[in-house]
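Below is one structure, written out as structure tokens; the observations come after it.
The values are calculated or read from the model by the stated rules, or taken from the named source; none is laboratory data. Quick caveat: nothing in here was measured; it's all calculated off a predicted structure. No Cβ is skipped: glycine too gets one built from the backbone with ideal geometry, and neighbour counts run over all protein chains shown. These area figures cover heavy atoms from the full protein model, side chains too; ligands, DNA and RNA do not enter into them. Shrake-Rupley method; radii C 1.70, N 1.55, O 1.52, S 1.80 Å.
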Amino acid sequence: MLVVGAKGGAALAPLDPSSSIIQQGNYPDYQALAARGYEVVTTAEGDFETALVFLPRAKAEARARIADASTRLRPGAALWIDGQKTDGVDSILKDLRKRATVDQVYSKGHGKIFRVLRPEGEWLPADWVSRGQEVVPGFVTRPGVFSADGIDPGSALLARHLPERMPTRMVDLGAGWGWLSAQVLAHPGVEVIHLVEAEHAALESARENVSDPRARFHWTDARSFSLPEPVNGVIMNPPFHVGRMADPRLGQEFIAAAARLLTGAGKLWMVANRHLPYETVLGEHFARVSEIGGDTRFKIIEASGAGRKGGRK
């Protein structure tokens, strides 16, 4: 069985780890599933007898997962779709009923699971297949990555507030598809920048978008990322959602990670939604914290003196 998109804590007890392969590109989920004894890959290869697709929030990514799983199955094989109503499972069910035999529809709580019998030939529209799309000149994204339709306005605001000359050794925590790192590399002073990203599809896009030899790419969890030597500059536009729920702890953990990576004289530049309460944790990890720009939606923060509490503003 091919399982696409299962989260690290998903209830998978009925599945035999010896006859299941899970396709998962999110690094923390990948690690959690592997620790449970499952074979986990970022991209599955070969054919399967059946498949189970967990739907994500993004519609384009959901369609891409279904199209990808379908190509791994022979005609007549079972393709199971599992999703929440809030993630559009009813819309997907309605759409697939027009294209294939759908049965065994089960609803429970706010979720639904159903079986599709894979038809012969190419049965899904061509635009369901995952492809890189150029959203601004020279930059491609993939379905499901953060800000897949264009430059995130928070990142654009942060880029406008960076100093003309940047530090020599840089880290971009949560680098996404690489746009912000590319802007940093356009400034003088940079000798190396580490792009750290947990979503494999986003990092693959970044590899295409940032061809500068000074760039280093790391598929890992930004919150636990480390380097042998400290750096003197960090930029970040940290995430603050788990699913549909806002969780400021994510950004707080990014701030702690930045402080661990920086020298005492190094600087952090970050953008955050104005309502997020990051000032206290910044003061716990940095001696000097200041807001250097922003608007009604975002605030741009510069912090230095990593490892020395103070929070002088």
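Numerical summary
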{"read-out": "Cα-Cα separations in the range 189-233 greater than 18 Å, expressed as whole percent", "value": "30"}
{"read-out": "Sites residue 45 and residue 127, calculated FRET efficiency, Cβ-Cβ separation with R0 25 Å, nearest 0.05", "value": "0.60"}
{"read-out": "Gained length - residue 101 relative to residue 280, 0.36 nm times residue gap less alpha-carbon distance", "value": "58.9 nm"}
{"read-out": "Candidates 282, 261, 96, ranked by Gaussian network fluctuation over the chain, Cα under 10 Å, top entry", "value": "96"}
{"read-out": "Extension gain (nm, one decimal) between residue 227 and residue 149, 0.36 nm per residue minus Cα-Cα", "value": "24.9 nm"}
{"read-out": "q = 0.13, 0.19, 0.26 Å⁻¹: log10 I(q)/I(0) that the Debye formula gives for the range 260-313, counting C-alpha atoms only", "value": "-0.28, -0.57, -0.97"}
{"read-out": "Helical mean residue ellipticity (222 nm; -39500 (n - 2.57) per DSSP H run of 4+; nearest 500) of the chain", "value": "-7000 deg cm²/dmol"}
{"read-out": "Lys pairs, the range 1-135 - Cα-Cα below 15 angstrom, 8 or more residues apart or on other chains", "value": "6"}
{"read-out": "Long-range amide H partners of residue 80 with built H, under 5 Å", "value": "51, 52, 53, 116"}
{"read-out": "Highest to lowest packing among 79-89, 32-42, 171-181, scored as the average C-beta count within 10 Å", "value": "171-181, 79-89, 32-42"}
{"read-out": "Dimensionless Rg over Rh [the range 106-250; C-alpha; Kirkwood]", "value": "1.07"}
{"read-out": "Residue-normalised accessible area of the chain, expressed per residue, 1.4 Å probe, Å²", "value": "48"}
{"read-out": "The range 162-217 versus the range 85-138: alpha-carbon centroid distance in Å", "value": "34"}
{"read-out": "Coordinate range along principal axes, alpha carbons of the chain, Å, largest first", "value": "63, 39, 38"}
{"read-out": "Extension gain from residue 156 to residue 212, taking 0.36 nm per residue of separation minus the Cα-Cα distance", "value": "18.2 nm"}
